[in-house]
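Written below as structure tokens is the structure these notes are about.
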Amino acid sequence: DQQVKQNSPSLSVQEGRISILNCDYTNSMFDYFLWYKKYPAEGPTFLISISSIKDKNEDGRFTVFLNKSAKHLSLHIVPSQPGDSAVYFCAALRATSGTYKYIFGTGTRLKVLA
Amino acid sequence: SAVISQKPSRDICQRGTSLTIQCQVDSQVTMMFWYRQQPGQSLTLIATANQGSEATYESGFVIDKFPISRPNLTFSTLTVSNMSPEDSSIYLCSVASGGVTGELFFGEGSRLTVL
């Protein structure tokens with residue numbers, strides 16, 4: 001059972017335009033949602049997170065929106081830059097009694113065209 | 001933030017052999033995890049490495065196949081035992097900040113190819 005889903009395996013966007021990456025989840029008990037970026041031959045790096053009690057978090061060019069009723073979150077990158085080309089993973093965190101459990105989506109490969 | 005070093009960064013292994021991956025963190029951390037990313041797949045949690053006690057394995061992963069050590073709060077090892085080509089994957093060590101953002105830090109990963 002895939003609790004965190006990224007239904008688009010790839011996305012291409014022109015430089016300067018907005019990139020929107022989507023993620024759906026099934027478990028309403030998650031406490032945080034996070035986005036990671038991964039370049040080839042490197043470990044994932046943290047981009048931005050959002051608490052389950054919020055509906056928006058913004059950090060520079062990156063904004064994450066959370067729609068709890070739809071169990072959906074999205075990452076907006078604007079303006080998109082060629083250096084943003086990478087695989088983006090959505091992750092959900094469940095923290096209970098000091099135990100943290102992260103579940104990752106399958107990733108979306110973003111290509112920003114110059 | 002935490003700086004995580006993994007060794008080896010990559011290796012080519014023969015079927016039936018075992019390989020141990022080391023993970024060193026530059027600070028003491030409570031929560032340390034081992035993930036696997038098979039080609040074209042998501043990051044799958046193998047186990048939580050517990051300091052001073054046995055690791056907590058996820059469904060589908062067993063200690064005999066993936067023994068884990070965690071002798072202190074800055075170091076852990078994952079062994080991939082009796083390897084087969086299906087074990088070809090990137091293995092990632094990660095630590096949780098435990099902070100308000102719940103951020104998870106990753107090492108660079110160890111890319112194993114089993115022939």
Looking at (1) within 13 Å of another protein chain (Cβ to nearest Cβ); (2) of a type in the set (D, E, K, R); (3) without any contact (Cβ under 8 Å) to a residue 40 or more places away in the chain; (4) touching a Ser or Thr at 6+ places or on another chain (Cβ under 9 Å), find the lone condition where A:Lys54 falls short. (4)
Residue tally, condition farther than 21 Å from A:Asn57 by Cβ and not small (Gly, Ala, Ser), over region A:14-40: 6
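Report, by residue number, each residue of region A:15-32 that is under 14 Å from A:Ile103 (Cα atoms) and outside any loop (DSSP other than H, G, I, E, B).
Just the residues of region A:15-32 that are under 14 Å from A:Ile103 (Cα atoms), to begin with: A:23-32.
Those that are under 14 Å from A:Ile103 (Cα atoms) and outside any loop (DSSP other than H, G, I, E, B): A:Cys23, A:Asp24, A:Tyr25, A:Tyr32.
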Do we find a residue being surrounded by 14 or more Cβ atoms within 10 Å (Cβ to Cβ), over 13 Å from the mean Cα position of the chain (by Cα) and either more than 11 Å from every other protein chain (Cβ to nearest Cβ) or closer than 21 Å to A:Gly105 by Cα (or both) anywhere in region B:14-24? no
Residues that are within 14 Å of another protein chain (Cβ to nearest Cβ): which strands (runs of 3 or more DSSP E) entirely in region B:50-115 hold 3 or more of them? B:89-96, B:104-106, B:110-114
Answer from A:Asp84, A:Asp59 - the residue that is closer than 21 Å to A:Gln14 by Cβ and either under 15 Å from the mean Cα position of the chain (by Cα) or within 14 Å of chain B (Cβ to nearest Cβ) (or both): A:Asp84
Any hit, region A:36-45, residues being among the aliphatic types (A, V, I, L, M) and surrounded by 12 or more Cβ atoms within 10 Å (Cβ to Cβ): no
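Is it the case, given these coordinates, that B:Phe33 is in contact (Cβ under 8 Å) with a residue 40 or more places away in the chain, surrounded by 15 or more Cβ atoms within 10 Å (Cβ to Cβ), aromatic (Phe, Trp, Tyr) and out of contact with any His (no Cβ under 6 Å at 6 or more places or on another chain)? Reasoning before the result, please.
Numbers: in contact (Cβ under 8 Å) with a residue 40 or more places away in the chain: yes; surrounded by 15 or more Cβ atoms within 10 Å (Cβ to Cβ): yes; aromatic (Phe, Trp, Tyr): yes; out of contact with any His (no Cβ under 6 Å at 6 or more places or on another chain): yes.
Taking the combined requirement at face value, the residue satisfies it.
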Candidates A:Val78, A:Val13 - the one that is away from chain B (no Cβ under 14 Å), open to solvent by 70 Å² or more (accessible area, probe 1.4 Å) and in contact (Cβ under 8 Å) with a residue 60 or more places away in the chain: A:Val78
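The values are calculated or read from the model by the stated rules, or taken from the named source; none is laboratory data. Fair warning: this is a prediction, and the values are worked out from it, not measured in the lab. Note: ideal-geometry Cβ built from the backbone for every residue, glycine included; neighbour counts use all protein chains shown. Surface areas here come from the heavy atoms of the whole protein model, side chains and all, with no ligands, DNA or RNA. Shrake-Rupley method; radii C 1.70, N 1.55, O 1.52, S 1.80 Å.
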